[in-house]
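Engineer: Below you'll find the structure I mean.
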Amino acid sequence: MNAIRRDEDLDNFHSIYVDQWDWEKVISKEERNTDTLEITVNKIFKAIKETEKVVAARYPSSTYRLADHVSFITTQDLENRWPDLTPDEREDKIAKEEKAVFIMKIGDKLNRSGKPHDGRAPDYDDWQLNGDLVFWYEPLQRKIEISSMGIRVSEESLREQLKKAHCEERAELPFHKMLLNGELPYSIGGGIGQSRLCMMLLGKAHIGEVQASIWPEEMVEKCEADHMQIL
């Protein structure tokens, strides 16, 4: 997918130009479970690690190295551990601790705060079977999200999530009606950020070092002052 998000808040990880590899895989109803999700995440992580080897061989000056395995944790576990932190701060904490982590169950309200960890459309992923693949990014001392993915909604989870989001009228839309009538296959899918992955594997400090986009003049000047050439 290539898209323009003109209202995006620009920073080291965000550009108005979004480029990502989108993928989708048909699964059976019996495969709609946590095991399927975790197996898929591990396959993506393994592919990223294999890519890291190729990049490191070609660009040996890149000294940043990824973790050897990916951990799994739910958003509720994060809230239980650090109830006084914001969701972003919790992600930073767990990413620094685990180096690579898949944060699961995003979209539903958490028990303590009564608020979602982060927003998720009610008619996209199943909030109990989704998550974000996050790495600790040493050069910037922050977490970096590389992939958002999940098992897509079923008839049951679609009805439940539309009700929770107070938008049950969407059930009358063509896609939603087909899903609710059992006319569409079950699936799992997601997106992998192309420029963010390049940035991480090359150890760059700004996404503009690997992606041509439009940047505010003050950002260009700041990057130049920090000896970063953004495209």
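The values are calculated or read from the model by the stated rules, or taken from the named source; none is laboratory data. The model shown is predicted, which means the values in this text are computed figures rather than measured ones. Every residue, glycine among them, receives a Cβ derived from its backbone with ideal geometry; neighbour counts consider all protein chains shown.
Engineer: Any residue in region 112-128 that is without any contact (Cβ under 8 Å) to a residue 60 or more places away in the chain sitting within a Cβ distance under 6 Å of a residue that is hydroxyl-bearing (Ser, Thr, Tyr)? List the pairs, counting only those 6 or more apart or interchain.
Structural biologist: 117/75
Engineer: When you scan region 52-68, how many residues do you find that are over 19 Å from residue 141 (Cα atoms) and either of a type in the set (Val, Ile, Thr) or at pLDDT 95 or above (or both)?
Structural biologist: Count: 2.
Engineer: Taking the residues in region 136-194 that are among the polar types (S, T, N, Q) and not in a strand (DSSP E or B) as candidates, determine which candidate is surrounded by the most Cβ atoms within 10 Å (Cβ to Cβ). Spell out the reasoning first.
Structural biologist: Within region 136-194, the subset among the polar types (S, T, N, Q) is 141, 147-148, 154, 157, 161, 181, 187, 194.
Filter once more, so that each one left must be not in a strand (DSSP E or B): 141, 154, 157, 161, 181, 194.
Values: 141: 9, 154: 18, 157: 19, 161: 23, 181: 9, 194: 17.
Result: 161.
Engineer: What's the number of the only condition in (1) at pLDDT 95 or above; (2) of a type outside the set (A, V, I, L, M); (3) within 19 Å of the chain's Cα centre (by Cα) that residue 198 fails to meet?
Structural biologist: Just one mismatch for residue 198, condition (1).
Engineer: Could you list, in sequence order, the residues of region 153-178 that are under 15 Å from residue 26 (Cβ atoms) and in contact (Cβ under 8 Å) with a residue 40 or more places away in the chain?
Structural biologist: Result: 154, single match.
Engineer: Go through 209, 221 for me and flag whichever is more than 19 Å from the chain's Cα centre (by Cα), surrounded by fewer than 19 Cβ atoms within 10 Å (Cβ to Cβ), at pLDDT below 95 and closer than 24 Å to residue 19 by Cα. Lay out the reasoning, then the answer.
Structural biologist: Values: 221 fails: closer than 24 Å to residue 19 by Cα.
When all the criteria are applied, what remains is 209.
Engineer: Can I ask one more? Considering every residue within region 129-149, establish whether at least one is under 30 Å from residue 45 (Cα atoms), of a type outside the set (D, E, K, R) and more than 21 Å from the chain's Cα centre (by Cα).
Structural biologist: no
Engineer: Also, I was wondering about something else. Quick check on my filter: what residues within region 69-96 are β-branched (Val, Ile, Thr) and surrounded by 15 or more Cβ atoms within 10 Å (Cβ to Cβ)?
Structural biologist: 70, 73, 74, 75, 94
Engineer: While we're looking at this one, here's another question. Just to verify a result, which residue in region 110-128, among those that are within 15 Å of residue 34 (Cβ to Cβ) and of a type outside the set (Phe, Trp, Tyr), is surrounded by the fewest Cβ atoms within 10 Å (Cβ to Cβ)?
Structural biologist: 128
Engineer: Here's another thing I want to ask about it. State yes or no: is residue 19 loosely packed, with under 12 Cβ neighbours inside 10 Å and on the phi < 0 side of the Ramachandran plot?
Structural biologist: In short, no.
Engineer: With a cut-off of at least 2 residues that are under 18 Å from residue 199 (Cα atoms) and of a type in the set (A, V, I, L, M), name the helices (runs of 4 or more DSSP H) lying wholly within region 1-114.
Structural biologist: Values: elements: 34-58, 75-81, 87-98.
In region 1-114, the matching helices (runs of 4 or more DSSP H) lie at 34-58.
Engineer: Given the conditions (1) loosely packed, with under 15 Cβ neighbours inside 10 Å; (2) of a type outside the set (D, E, K, R); (3) touching a strand residue (DSSP E or B) at 6+ places or on another chain (Cβ under 7 Å), and given that residue 107 satisfies all but one, which numbered condition is not satisfied?
Structural biologist: (1)
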